[in-house]
Amino acid sequence: MVHQSLYLRYRPGRFGEIVGQEHVVAALRNAVGTDRVGHAYLFSGPRGTGKTSTARILAKALNCEDLTEGEPCGTCSSCTSIAAGTSYEMHELDAASNNKVDDIRELISRVAIGTPGRVKVYVLDEVHMLTTGAENALLKTLEEPPPHVTFVLCTTEPHKVAPTIRSRTQHLHFELLDVDDLERHVRAVATDAGLEISDADVAYVLDAGGGSARDTLSALDATAAAGRAPDGADAVTALLEAVATADAAAALGAADAAARAGREPRVLGEAVLGRLRNAFLASVGAPLEHLAAAERAAAEHLAGRLRPRALTLALELLGQSLVAMREAPDPRVDLDLALVRLTDPEAGLTLQSLAERVERLERAAAGAPAADAAPSPTMARRAPASAAAQGAGTRPGGAFAEARRAHSRAKPPEPPTPGPPEAPQPGSSSESHRRAPRELLGQSDDRPVEPEPPEPPEPHARAPMNSAAGQGAAPGRPLPGDAQQDRGGSPPEVAGPPPDRDEAVLAWVEEILPSLSSVSKTAGARLATGRFLPNAPGALRLAFATPGALSGCAKYRSEVEAAFGRCFGHSVAVEFTADDKSTPEPPSSVDGGATVRSRYLGEVTAAAALPRRGPAEDRSGVVQVQQAFPGSRLVELEAG
Ligand SMILES: [Zn+2]
């Protein structure tokens, strides 16, 4: 007997069997039950979340001879023929490979033909892949389809579907599944199929599935066939270790081992991304109750080794690479490249080199004669005077860091129990002291970061944010006030070399874009589509993909230059230029965010362009992060 995959075997056959997606199911059942089914739906959502399965169930419901409360019976001849794929009522077309005008014309000619049943359902998968001509050909039929036809357009990328098509459909969005729902599903399937799987296998399977029901059951299939989770299951841990220690060889070795063990690069990358995201949440003190105890401990351990900023950069880098992998002929290459960028100091903006740079900036700032409250103990330890003197003259970004530093120092309250640094108090302040010296990856003696034993999870007793994130990760408020105060009152007129591209990108994402967006959302949104190319002589280069975007943004040039000037304390030239895409994406990749649609990364980069709620509100990175991760909680902000 041919083995049927678990995914096909346990594919939902009725609305009631769909895992998650309650809002979609409720909408469709209600429409069927009240006979108000639309002529065209757009099902969007990540792969493997049940879009096509749901379309089939809808087709069943529309043709079932024994419909009960919107639910198809599953046993009548219509239901069984749709389930078997032999029905005339259910037509699936892969728009990715049938994306030409002629394909759609042929489809339309068939649509017109009547049906022996009641309703023909046409499912167009990956509809965003249609050519413009094909979209136009579809449009008319979509607007007024014959009464016996319902279209279901499916896409993983709804933003790429033409607005004219979207507006003619009812849009239902499918979400990645909650890990608890998936775990119940996996255990139920395993029990029903008589599979013996350990808790560790379940954890691996959920990890590998990344919230997709199909990927999760595929992983369960593979695990059951092998008898246990593959050896590559440790690869995620090994990869994270390699990232934390900036060991490119180890990272590539771990990826290779995982590939040999049959793990898809994309799945592996997503698993790493998921773990980095957990660590990021831990680092900002977000609640981690949704994680199993072991995962929570691992997340907090990792958060103790990588700074929040390093984590966000890793998330961004890896997220972009995951987006690229979808269309890459060999996704392995993209994963390897991302790993090299994350770990190899020669490759540019790595976590390590970035952290070192930040440390230099902070030293310079600490050594500069800034108007100063008493530095916190952690700062004093991190910024010895000699290092400060050494760094102060060499970094052009001193004013930028200084403004941030003065701001973050002025704002957050000190830890609740400000004891001597070497005598940590129990609870939250001990956490803060424990973490403080590791705030920077590149510590002053250049030791590699050493592993730290995981502490018992203490989700409710996070450190106050000013030591864990406030000093480094929280950027200062933009800008005129801070910068001018620190610089003695006048806006910068002094000419200077353009800032290092990486610093410029950081300032752009964390301060300049948000501040421009707060003045004009349109300006912010337009500018966010740009990316920074390597610097021209004497100027930053901000590139836009289309001539329209370029001309639309060029008028903001003086504001942009002024904002950079305030950030860096000297006038900064910014060239606006067309992006011919011939320049490869530089490694830092924090630009814009508009192009990134990863499950995780979308959330992170979107923060850069989030609208501000009010001028008085804090605009620190921590707040951006909070907005990007609804539900996260910052102890310090609540106290203050
Ligand atoms: Zn039926």
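Consider only pairs whose beta carbons are under 7 Å apart and that are at least six residues apart or on different chains; among these, list those whose first residue lies in the stretch 162-188 and is aliphatic (A, V, I, L, M) and in a strand (DSSP E or B) and whose second residue is surrounded by fewer than 16 Cβ atoms within 10 Å (Cβ to Cβ) and modelled with pLDDT of 90 or more.
Between residues of the stretch 162-188 that are aliphatic (A, V, I, L, M) and in a strand (DSSP E or B) and residues that are surrounded by fewer than 16 Cβ atoms within 10 Å (Cβ to Cβ) and modelled with pLDDT of 90 or more, the close pairs are Leu172/Ala27.
Could you tell me which of the residues Pro158, Pro146 is touching a strand residue (DSSP E or B) at 6+ places or on another chain (Cβ under 8 Å) and in contact (Cβ under 8 Å) with a residue 24 or more places away in the chain? Walk me through it before giving the result.
Working: Pro146 fails: touching a strand residue (DSSP E or B) at 6+ places or on another chain (Cβ under 8 Å).
Going through Pro158, Pro146 in turn, the sole match is Pro158.
So which helices (runs of 4 or more DSSP H) stay within the stretch 248-340 end to end and still have 3 or more residues that are polar (S, T, N, Q)? Working first, answer last.
Values: elements: 248-260, 265-283, 293-305, 308-327.
The qualifying helices (runs of 4 or more DSSP H) are 308-327.
Take Lys100 and tell me if it is farther than 30 Å from Glu65 by Cβ and at pLDDT below 90.
Values: farther than 30 Å from Glu65 by Cβ: yes; at pLDDT below 90: yes.
It is true that Lys100 is farther than 30 Å from Glu65 by Cβ and at pLDDT below 90.
When you scan the stretch 137-146, do you find a residue that is among the hydrophobic types (A, V, I, L, M, F, W, C), within 16 Å of the ligand (Cβ to nearest atom) and surrounded by 14 or more Cβ atoms within 10 Å (Cβ to Cβ), even just one?
Among the residues of the stretch 137-146, not one is among the hydrophobic types (A, V, I, L, M, F, W, C), within 16 Å of the ligand (Cβ to nearest atom) and surrounded by 14 or more Cβ atoms within 10 Å (Cβ to Cβ), which makes the answer no.
Go through the stretch 513-568 and give me each residue that's among the small types (Gly, Ala, Ser), touching a Lys or Arg at 6+ places or on another chain (Cβ under 6 Å) and at pLDDT 80 or above.
Pass one, the stretch 513-568, residues among the small types (Gly, Ala, Ser): 515, 517-518, 520, 523-525, 528, 530, 536, 538-539, 543, 545, 548-549, 551-552, 554, 558, 562-563, 565.
Filter once more, so that each one left must be touching a Lys or Arg at 6+ places or on another chain (Cβ under 6 Å): 518, 543, 552.
Of everything in the stretch 513-568, those that are among the small types (Gly, Ala, Ser), touching a Lys or Arg at 6+ places or on another chain (Cβ under 6 Å) and at pLDDT 80 or above turn out to be Ala543, Gly552.
Do we find a residue being surrounded by fewer than 20 Cβ atoms within 10 Å (Cβ to Cβ) and not in a helix (DSSP H, G or I) anywhere in the stretch 208-228?
Yes - at least one qualifying residue is present in the stretch 208-228.
For the structure I just gave you, tell me whether Ala235 is of a type in the set (A, V, I, L, M, F, W, C), in a helix (DSSP H, G or I), out of contact with any Leu (no Cβ under 9 Å at 6 or more places or on another chain) and modelled with pLDDT under 90. Talk me through it step by step, then tell me what you get.
Values: of a type in the set (A, V, I, L, M, F, W, C): yes; in a helix (DSSP H, G or I): yes; out of contact with any Leu (no Cβ under 9 Å at 6 or more places or on another chain): no; modelled with pLDDT under 90: yes.
When the stated conditions are applied, Ala235 does not pass them.
Does at least one position in the stretch 72-83 carry a residue that is away from the ligand (no atom under 12 Å from the Cβ) and either buried (at least 21 other Cβ atoms within 10 Å of the Cβ) or more than 19 Å from Cys154 (Cβ to Cβ) (or both)?
We begin by selecting, within the stretch 72-83, every residue away from the ligand (no atom under 12 Å from the Cβ); these are none.
Within the stretch 72-83, none of the residues are away from the ligand (no atom under 12 Å from the Cβ) and either buried (at least 21 other Cβ atoms within 10 Å of the Cβ) or more than 19 Å from Cys154 (Cβ to Cβ) (or both).
What are the pairs, 6+ residues apart or on separate chains, where a residue within the stretch 42-70 that is farther than 12 Å from Lys120 by Cα and of a type in the set (Gly, Ala, Ser) has its Cβ under 9 Å from a residue that is within 11 Å of the ligand (Cβ to nearest atom) and in a loop (DSSP other than H, G, I, E, B)?
Qualifying pairs under 9 Å: Ser53/Gly13.
For the stretch 162-203, which positions are at pLDDT 90 or above, of a type in the set (Gly, Ala, Ser) and either within 28 Å of the chain's Cα centre (by Cα) or crowded, with 17+ Cβ neighbours inside 10 Å (or both)?
Within the stretch 162-203, Ala162, Ser167, Ala190 qualify.
What number of residues in the stretch 91-118 are more than 13 Å from the ligand (Cβ to nearest atom), touching a Ser or Thr at 6+ places or on another chain (Cβ under 9 Å) and closer than 18 Å to His148 by Cβ? If you could, list the steps in order and put the result at the bottom.
Let us first name the residues in the stretch 91-118 that are more than 13 Å from the ligand (Cβ to nearest atom), namely 91-116.
Of the ones still in play, those that are also touching a Ser or Thr at 6+ places or on another chain (Cβ under 9 Å) are 92, 95, 99-101, 103-104, 107-108, 111-112.
Still in the running and closer than 18 Å to His148 by Cβ: 92, 107-108, 111-112.
Summing the residues that are more than 13 Å from the ligand (Cβ to nearest atom), touching a Ser or Thr at 6+ places or on another chain (Cβ under 9 Å) and closer than 18 Å to His148 by Cβ in the stretch 91-118 gives 5.
Do you know which residues across the stretch 25-71 are away from the ligand (no atom under 13 Å from the Cβ) and among the small types (Gly, Ala, Ser)?
Residues satisfying the conditions are Ala26, Ala27, Ala31, Gly33, Gly38, Ala40, Ser44, Gly45, Gly48, Gly50, Ser53, Ala55.
Give me a count of the residues in the stretch 131-167 that are under 14 Å from Asp102 (Cα atoms) and of a type in the set (S, T, N, Q).
3
The values are calculated or read from the model by the stated rules, or taken from the named source; none is laboratory data. Remember, it's a predicted structure, so these values are computed and weren't measured experimentally. Every residue, glycine as well, gets a Cβ built from its backbone with ideal geometry; the counts of neighbours run over all protein chains shown.
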